[in-house]
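I have placed the structure first, in the form of structure tokens, so that the comments after it can refer back to it.
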Amino acid sequence: MQARIVDARRGVRWLAEGWRLFRVAPLGWVAAVFGYWLLMSLVSLVPLVGVAAAAILVPAFSVGFMALARAAGRQAPLELGLLFDGFRHQPRAQLILGVVYLACLSALLAASTVADDGALAEWLLTGRRPADEVVQSEAFWTALATGAALYLPVMLAFWFAPPLAAWHATGPAKALFFSLAASLMNWRAFLGYGAVTALVTLVLPFLVFSLLLVATGGAYRVPAASLVLPLLIVLLPTLFASFYASYRDVFGYDPAP
């Protein structure tokens, strides 16, 4: 196993590759994403330990989405059972990665509370949005910036770690190290990927909604959820599939089923 350095143009194409993999079997992808959302929602509802348990399961399910993308790349059927691929390959390693991921998130949220007295952490953990004056405060935005800065290395360490542990039998510590190192080695590709992803997921939807309001003089107003939901149905599977595109490019490895 050896990470390759790919140029920025490859990173720019990862999202497009994710879209191609989504178009192979859109119904299968939507079913998998909905099943994942339903399972994680049910787990999160368990009193006291639900949110923590959901965070621990994230690495194993990320392997499942990698397996779905691998099947789509081979024009194979997208069976819902593939979503649980991470629980069949090195489950102990996936559990350890999940515990480490939970610990990182806990430390990150604890650091953000220093800036805003826990408003951001409470929003993320309970789903209750703070008052407008809190959201618009400098302290809240400082906490948000702090959380984003601290999450970046965590995200890069976990980007490739679950499939490395599952498909390469790499220990959790080595998987995290190799993932972080490979991501930093390919910072140009990740920068291009991040720019394209931000453009597609944030800038373009904002421009479309704004132009729609301007063109209709503000007369065309619909609930935000009715516009966001169709967008998420397309974007989430595309993003999940693009993670596999990055893994396949960087490690040049397409493991057999």
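The values are calculated or read from the model by the stated rules, or taken from the named source; none is laboratory data. Computed from a predicted structure; not experimentally measured. When we count neighbours, we look across all protein chains shown, and the Cβ atoms used for this are built from the backbone with ideal geometry, even at glycine. The area values use the complete protein model at the heavy-atom level, side chains included, leaving out ligands, DNA and RNA. Shrake-Rupley method; radii C 1.70, N 1.55, O 1.52, S 1.80 Å.
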*For the chain, what is the mean residue ellipticity at 222 nm derived from helices alone (per DSSP H run of n ≥ 4: -39500 (n - 2.57); sum divided by total residues; nearest 500 deg cm²/dmol)?*
-25000 deg cm²/dmol
_For the stretch 1-149, size of Cβ-based charge dipole, Lys and Arg +1, Asp and Glu -1, in debye_ = 980 debye
_Packing-based order for 123-135, 144-156, 84-96, using average beta carbon neighbours within 10 Å, highest first_ = 84-96, 144-156, 123-135
*Accessible area per residue in Å² at 1.4 Å probe, computed on the chain*: 54 Å²
*Given 10 Å bins starting at zero, what is the percent of C-alpha pairs of the stretch 3-147 in each, up to the one with the largest pair distance?*
11, 27, 30, 25, 6, 0
*Where does each of 187-195, 236-244 land if you order them by average Cβ count within 10 Å, highest first?*
236-244, 187-195
*Highest-first arrangement of 168-174, 13-19, 41-47, where packing means the average Cβ count within 10 Å*: 13-19, 168-174, 41-47
*Sulfur and carbon atoms: percent of accessible area, the stretch 81-188 [1.4 Å]*: 68 percent
*Report relative contact order for the chain in percent, whole number only (criteria: Cα-Cα under 8 Å, sequence separation at least 6).*
34 percent
*Only Lys, Arg (+1) and Asp, Glu (-1) charged, at Cβ; the chain dipole about Cα centre in debye*: 880 debye
*asked:* Suppose every Lys and Arg Cβ carries +1 and every Asp and Glu Cβ carries -1, with no other charges. What dipole size does the stretch 97-204 come out with about its Cα centre, to the nearest 20 debye?
replied: 560 debye
*Select from Val43, Leu180, Val99 the residue farthest towards the positive end of the dipole of the chain; place +1 on Cβ of Lys and Arg, -1 on Cβ of Asp and Glu, and compute about the Cα centre.*
Leu180
*Compute the signed sum of charges (Lys and Arg +1, Asp and Glu -1) over the other residues within less than 15 Å, Cβ to Cβ, of Ala145.*
-2
*May I ask which residue of Gly171, Leu204, Ala55 lies farthest towards the positive end of the charge dipole of the chain, with charges of +1 (Lys, Arg) and -1 (Asp, Glu) on Cβ and the Cα centre as origin?*
Gly171
*Indicate the helices, whole DSSP H runs only, in the chain that combine a mean Kyte-Doolittle hydropathy of 1.0 or more with a Cα extent along their long axis of 15 angstrom or more.*
26-44, 50-73, 91-116, 138-159, 172-185, 204-215, 224-251
*Would you kindly state how much longer the chain becomes between Thr126 and Gln2 on full extension, computed as 0.36 nm times their sequence separation minus their alpha carbon distance, in nm to one decimal?*
40.5 nm
*Set the Förster distance to 41 Å, then compute FRET efficiency between Val46 and Ala198 from the Cβ-Cβ distance, nearest 0.05.*
0.75
